[in-house]
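Quick notes on the structure that follows.
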Amino acid sequence: RAFIRQYLAENGIQTTEIPIAGKKHIFVNQSASAYSPLFRLKTVIAHYDRASGTPGANDNSSSVFALMDFAIRLKNYKGIHNIRIFFTDGEELDENPEISSSGEESPGCKVNGQSNKQTKNQSGSQIFSRMGAFGLAALFKKAGITNDDVYVFDCTGRGTIPVLGETILPPGVPAKFYAQYKALEDRAKGIIRSASHYFMTLPVPCSDNAGFLVCRIPTVIITMLPDEEATSYARNLLLNKELKDFVTHRKTSTSSKNGSGKTFSQTEAQLKDLLPQTWKLFHTQNDSLQSLTFQSFAITARILDNLAASKTML
């Protein structure tokens, strides 16, 4: 946290620390002249915390550096960009992120009635401590900020294929929220497409997008994968129908336990073997600088620059 603030300060950019329920998020201060109420605001997020015992080079220092350098470019941006940047705390929790300290399942990536009920039944501090950016999202909602386009960048330091996380909204989601999310998803696809010849929409592990989705704020997540890993993962999804559920509801790092805290069954272990190698590096000593690919940063920078240039009338 101190490094991020110092890095930006040395480049003439001031930041504000936002403490919420024990987490310390960082907001990048920018000139008011860069904003217009005529266009939709675009909130861009990367979590700066990392799992204990890992260098965290890809998860998530890669995206943090991308956003810090993006903020520096925005300092000299000519005209309106309507971008606001947050570095969030508390995305990395523990080995079983879907289980709350009370033993109940947390909302995770599900956006349905059950999740909302559980949100209400658990204390605010408990939810905040479990969901990273949930506290920030709740603050947005309390302030009436529900019409932003929210983009989460996570693990963007390996490969040349941008991946837009696939979120399946279940039946019963309010029609307005569904329409807002689909419109955001379409805008995100257009922005990524303008920055890269190839991209994929695939199921990815939950990140800070989960906290915003639970608060009914449309949010997309962008990550990166090497070409061969993305292609192999897409093929495995077609051949193994259980793989999507495994990715969206269970741990996908090197943990030997599933989302319920139990040792993987033989079937779960087999599904885990089908995940991209990049994801198997998460939370290990191998998530190192040497694992990153420099091409990834150029592609991420183009996505971010095109995001700044895009404008959606309100």
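So for each of 50-61, 34-45 I average, over its residues, the number of other beta carbons within 10 Å; can you give me the resulting order with the highest mean first?
My ranking of the peptides, most packed first, is 50-61, 34-45.
How long is the gain from TYR198 to ASN306 if the chain were fully straight, where each residue apart is worth 0.36 nm and the alpha carbon distance is subtracted?
Stretched out fully, the TYR198 to ASN306 stretch lengthens by 37.3 nm.
Whole-Hz ³J(HN,Hα) for each residue in segment 51-66, computed from phi via Karplus 6.51 cos²θ - 1.76 cosθ + 1.60 with θ = phi - 60°, x for glycine and proline: what do you get?
5, 4, x, 10, x, x, 5, 8, 10, 9, 4, 4, 6, 4, 5, 4
Could you work out how far apart the two model spin labels at THR284 and GLN270 are, taking each label as a point 7 Å from the Cα in the direction of the beta carbon, and quote it in nm?
Result for the modelled spin labels: 2.2 nm.
Heavy atoms only, probe 1.4 Å: what % of the accessible area of segment 162-314 goes to carbon and sulfur, would you let me know? Don't skip to the answer; put the middle values down first.
Numbers: 3890 of 7070 Å².
Summing carbon and sulfur atoms, their accessible area is 55 percent of the total for segment 162-314.
HN-Hα J couplings of segment 233-243 from phi, Karplus 6.51/-1.76/1.60, θ = phi - 60°, integer Hz, Gly and Pro as x?
In residue order, the calculated couplings are 5, 4, 5, 5, 5, 6, 7, 10, 5, 7, 5 Hz.
Tell me the net charge near THR54. Cut-off is 12 Å between Cβ atoms, THR54 excluded, with +1 for each Lys or Arg and -1 for each Asp or Glu.
-3
Please find the FRET efficiency linking LYS244 to TYR178, where r is the Cβ-Cβ separation and R0 is fixed at 22 Å, and quote it to the nearest 0.05. Spell out each step's value before the answer.
On the way: r = 19 Å, r/R0 = 0.88.
The formula returns an efficiency of 0.70 here.
Please compute the length gained on full extension between ASP227 and ALA2, using 0.36 nm multiplied by the number of residues separating them and subtracting their Cα-Cα distance.
77.5 nm
Would you grab the residues whose amide H sits under 5 Å from the one on ILE161? Only those 5+ places off in sequence or on another chain, please, with H modelled 1.01 Å from N.
So ILE161 has HN proximity to LEU225, ASP227.
Between SER33 and ASN11, take the C-beta separation as r, use R0 = 22 Å, and let me know the FRET efficiency to the nearest 0.05.
FRET efficiency, SER33 to ASN11: 0.75.
Using a 10 Å cut-off on Cβ atoms, rank the peptides 175-187, 282-294, 205-217 from the highest mean neighbour count down.
Put in order of decreasing packing, that is 205-217, 282-294, 175-187.
The values are calculated or read from the model by the stated rules, or taken from the named source; none is laboratory data. Being a predicted model, the structure only gives us computed values, none of them experimental. So basically every Cβ, Gly included, is an ideal-geometry build from the backbone, and we count neighbours across all protein chains shown. Please note that ligands, DNA and RNA were not included when accessible areas were found on the heavy atoms of the full protein model with its side chains. Shrake-Rupley method; radii C 1.70, N 1.55, O 1.52, S 1.80 Å.
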